[in-house]
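Presented below is the structure to which this report refers.
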Amino acid sequence: MTGRKKRFNTVKWLRILVNVGGWVPLLILTIKYFTNNLGFDPIQSALLRTGRYAVLFLILSLTCTPIRKILKIYVVSVLRKPLGMFAALYAGLHFAIYAIWDFQLNFKLIWQAIIEFPFIILGAITLLILAILAATSFQKIQRKMGKKWDLLQRTVYIAAVLDIIHYLLAIKGDLLSLQGNYTWPLIAASALLILFILRIPWVIRTLKNLIFLRKETRQR
Amino acid sequence: MKKQEKYNSVPVKPDEITPKHIYQNRRTFLKQMGVVGLGALLASCAPGVTSTPSTSETLSDITPSGIGSELENQLTSKEAIKGYNNYYEFTTNKERVAELAQDFVTEPWSVNVDGLVENPGTYSTEDLLSNFEQEQRIYRMRCVEAWSMVIPWVGFPLHKLLEEVKPTSEAKYVMFESALVPEQMDGANSGMFPFPYTEGLRLDEAMHDLTILATGIYDEPLAPQNGAPIRLVVPWKYGFKSIKSIIKISLVVDEPPTLWNIVAPQEYGFYANVNPNVDHPRWSQATERRIGESGRIDTLFMNGYAEEVMPLYEGLDLTENF
């Protein structure tokens, strides 16, 4: 009884933390906008910020499953959905800033950019996937779709890869020779790679054994 | 695009575009130059105005060249020009360059002019300031990243210096090199770029009257983040061609290696002429964001200097030679 109550409390607090925390970057951005604190090129700054938040939340949402499976901390699974929703929110804002604020809804130019430049296409596909996932994330739809829903949710991995490539391509420099300031996108890429590795069944088993066998030996 | 049309057709008061304090600053500046009112028309009938005594922070004896005076009501604020910089030797963060570059030592300074010239020489900043008449040139500055500014440079045409050193008939290109002082430049040791920064121009481009060596902005000497004490300004080319803090100018036979061309030759060509019809592989160059304004404006062919510079490129495929 107490165990269940404790778990309920942890879930509640974790949920509150994510649901409140997810809005903080947007709040900061809004305050900075209205107090003229976005620098000399506010559009560029807002684009960069929202883009980074989208990557951050997407990566965070992908950490839930490995934590649950390897560390057996089951409560984190309730965070996957809100974190994913925030990723979609910031990706949507990122595009809205691009289309409305930067390109003033000049659809001809926006469309041209989307179809002509791989860099923009990748971002657009990422947003499309995240938007579909967000729109179908409600339980009613989930039940209706059944197994298809699980398959659909897997496309988040495609979104994550495209998102990171989009981020890498946004840097001025040369990706192949890594000449340029690739620090942040490379950190994001490494995080994603690690998260992918942590999904390999063999890796999960080995790590689990390593962690929990040790615990047991210590207890003995 | 709509915005641009509006811009051309509706007469705008200068104080609607430029923040008032900057606008007033500009007034002081114009007064110091001995120009009453706006524009060269009035200047011709203005009585001789005694210029205010100059402090160490203010330039004196600037000749208004009249070049770019039509851009006067579009000037980017001094704060933005000094606060938003690409200078990767310090950092890739544009808004942190000013702070990181503030202690960059630019005195004493000398520029070596050598290579295929009859009179090679070493010029100190003082030599360059006193040997050549300093004039004001208001130019558009278009960054390859698709943002732009309008900057009131102070400087002198490069051809005046080149005429003094006399390039030999073999000289075909001019190569420029930036200072590289890792102790004073945080970003220089990152290994991200093959510094020193080098740039180059064809000799005829270098001799063009629009090509200047700048020593100041508004009524001040160049700030370190803007390329103190002396930099190149080639207004019809993307900003990265306008190399900063020059220590060496060499006349050479072959096309010199240039930093961005070394880093990513498929993206940054040797010519780097502003051209809305030739896109960067990753983004369009058709429009640009003017710093200090919202929305986008159309990018002008050759950054608006086509009439002056197109004779340089007769018969040259500008798409191939981007």
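When the stretch A:180-209 is filtered for residues that are open to solvent by 60 Å² or more (accessible area, probe 1.4 Å) and either within 14 Å of chain B (Cβ to nearest Cβ) or closer than 21 Å to B:Asn86 by Cα (or both), the ones remaining, listed by number, are A:Thr183, A:Trp184, A:Leu186.
I'd like to check which strands (runs of 3 or more DSSP E) are fully inside the stretch B:201-305 and have at least 1 residues that are more than 19 Å from B:Ser148 (Cα to Cα). Outline the logic, then answer.
On the way: elements: B:212-217, B:231-233, B:246-252, B:287-290.
Those strands (runs of 3 or more DSSP E) span B:212-217, B:246-252.
Write out, first by first residue and then by second, each pair whose Cβ atoms fall under 9 Å of each other, whose residues are 6+ apart or on separate chains, and whose first residue, in the stretch B:270-289, is free of Cβ contacts under 8 Å to residues at least 12 places away in the same chain while the second is part of a loop (DSSP other than H, G, I, E, B) and open to solvent by less than 20 Å² (accessible area, probe 1.4 Å). That search, which allows pairs on different chains as well, returns B:Asp279/A:Phe117; B:Asp279/B:Gln285. When the stretch B:297-310 is filtered for residues that are more than 16 Å from the chain's Cα centre (by Cα) and open to solvent by 30 Å² or more (accessible area, probe 1.4 Å), the ones remaining, listed by number, are B:Asp298, B:Leu300, B:Phe301, B:Glu307, B:Glu308, B:Met310. Among the residues making up the stretch B:176-223, those that are open to solvent by 30 Å² or more (accessible area, probe 1.4 Å) and closer than 20 Å to B:Lys82 by Cα are B:Gln184, B:Asp186, B:Glu220, B:Pro221. Consider the stretch B:112-142 and keep the residues that are of a type in the set (A, V, I, L, M, F, W, C) and within 11 Å of the chain's Cα centre (by Cα). The one that is least open to solvent (accessible area, probe 1.4 Å) is B:Ile138. Annotation note: of A:Ile110, A:Ile114, the sole residue that is open to solvent by less than 70 Å² (accessible area, probe 1.4 Å), β-branched (Val, Ile, Thr) and under 17 Å from A:Ile165 (Cα atoms) is A:Ile114. In the set (1) touching a His at 6+ places or on another chain (Cβ under 7 Å); (2) closer than 19 Å to B:Val174 by Cα, the condition left unmet by B:Lys244 is number (1).
Here B:Glu293, B:Glu255, B:Glu288 are screened, and the one residue that is of a type in the set (Asp, Glu) and in contact with a Ser or Thr (Cβ under 6 Å, 6 or more places away or on another chain) is B:Glu288.
Can you find a residue in the stretch A:143-153 that is within 16 Å of A:Pro118 (Cα to Cα) and either at pLDDT below 95 or open to solvent by 70 Å² or more (accessible area, probe 1.4 Å) (or both)? No, the conditions are met nowhere in the stretch A:143-153.
Among what's in the stretch A:61-75 and is in contact with a Leu (Cβ under 7 Å, 6 or more places away or on another chain) and in contact (Cβ under 8 Å) with a residue 24 or more places away in the chain, pick the residue that is farthest from A:Pro201 (Cα to Cα). Filtering first and then ranking leaves A:Val75.
In this structure, B:Met175 qualifies as of a type outside the set (D, E, K, R), within 21 Å of B:Lys248 (Cβ to Cβ) and in contact with a Gly (Cβ under 9 Å, 6 or more places away or on another chain). Just a yes or no: is a residue in the stretch A:99-116 under 20 Å from the mean Cα position of the chain (by Cα) and modelled with pLDDT under 95? No, the conditions are met nowhere in the stretch A:99-116.
Could you check the stretch B:91-108 and list, in sequence order, the residues that are within 11 Å of chain A (Cβ to nearest Cβ), without any contact (Cβ under 8 Å) to a residue 60 or more places away in the chain and either touching a helix residue (DSSP H, G or I) at 6+ places or on another chain (Cβ under 6 Å) or open to solvent by 40 Å² or more (accessible area, probe 1.4 Å) (or both)? Before you say what the answer is, go through the steps one by one.
Taking the stretch B:91-108 and keeping what is within 11 Å of chain A (Cβ to nearest Cβ), we get B:91-96, B:98.
Applying the additional criterion that residues be without any contact (Cβ under 8 Å) to a residue 60 or more places away in the chain yields B:93-96.
Hits for the stretch B:91-108 are B:Asn93, B:Glu95, B:Arg96.
Do we find that B:Gly315 is in a loop (DSSP other than H, G, I, E, B) and either touching a strand residue (DSSP E or B) at 6+ places or on another chain (Cβ under 8 Å) or charged (D, E, K, R) (or both) in this structure? Criteria not met by B:Gly315.
If you take the residues in the stretch A:27-65 that are of a type in the set (Ser, Thr, Tyr) and either part of a loop (DSSP other than H, G, I, E, B) or open to solvent by 60 Å² or more (accessible area, probe 1.4 Å) (or both), which one is farthest from the other protein chains (Cβ to nearest Cβ)?
Let us first name the residues in the stretch A:27-65 that are of a type in the set (Ser, Thr, Tyr), namely A:30, A:33, A:35, A:45, A:50, A:53, A:61, A:63, A:65.
Cutting the leftovers down to either part of a loop (DSSP other than H, G, I, E, B) or open to solvent by 60 Å² or more (accessible area, probe 1.4 Å) (or both) gives us A:33, A:35.
Numbers: A:Tyr33: 12, A:Thr35: 16 Å.
For the stretch A:27-65, the residue satisfying everything is A:Thr35.
Checking the stated criteria, B:Leu201 turns out not to satisfy the condition of being farther than 24 Å from B:Glu267 by Cα and at pLDDT 95 or above.
Residue check: is B:Asn73 touching a Cys at 6+ places or on another chain (Cβ under 8 Å) and either touching a residue at least 24 places away in the same chain (Cβ under 8 Å) or on the phi < 0 side of the Ramachandran plot (or both)? Answer is no for this residue. Residues that are within 14 Å of chain B (Cβ to nearest Cβ), open to solvent by less than 30 Å² (accessible area, probe 1.4 Å) and in contact with a helix residue (DSSP H, G or I) (Cβ under 6 Å, 6 or more places away or on another chain) occur at least once in the stretch A:80-99. Screening A:Ile141, A:Ile125, A:Ile132 for residues that are farther than 16 Å from A:Leu58 by Cα and either facing chain B (nearest Cβ under 10 Å) or assigned to a helix (DSSP H, G or I) (or both) leaves exactly one candidate, A:Ile141.
Kindly evaluate A:Ile129 against the criterion of being open to solvent by less than 30 Å² (accessible area, probe 1.4 Å) and within 22 Å of the chain's Cα centre (by Cα). Write out each step before concluding.
Values: open to solvent by less than 30 Å² (accessible area, probe 1.4 Å): yes; within 22 Å of the chain's Cα centre (by Cα): yes.
Yes.
Here B:Tyr268 fulfils each of the conditions (1) open to solvent by 20 Å² or more (accessible area, probe 1.4 Å); (2) closer than 18 Å to B:Glu177 by Cα; (3) aromatic (Phe, Trp, Tyr) apart from (1).
Assessment of the stretch B:151-162 against the conditions (part of a loop (DSSP other than H, G, I, E, B) and surrounded by fewer than 19 Cβ atoms within 10 Å (Cβ to Cβ)) yields no matching residue. Scanning the stretch A:157-179 for residues being within 17 Å of the chain's Cα centre (by Cα) and either charged (D, E, K, R) or within 9 Å of chain B (Cβ to nearest Cβ) (or both) gives a total of 1.
The values are calculated or read from the model by the stated rules, or taken from the named source; none is laboratory data. Quick caveat: nothing in here was measured; it's all calculated off a predicted structure. All Cβ positions, even for glycine, are placed from backbone atoms using ideal geometry, and neighbour counts span all protein chains on display. These accessible areas exclude ligands, DNA and RNA; they are computed on the full protein's heavy atoms, side chains included. Shrake-Rupley method; radii C 1.70, N 1.55, O 1.52, S 1.80 Å.
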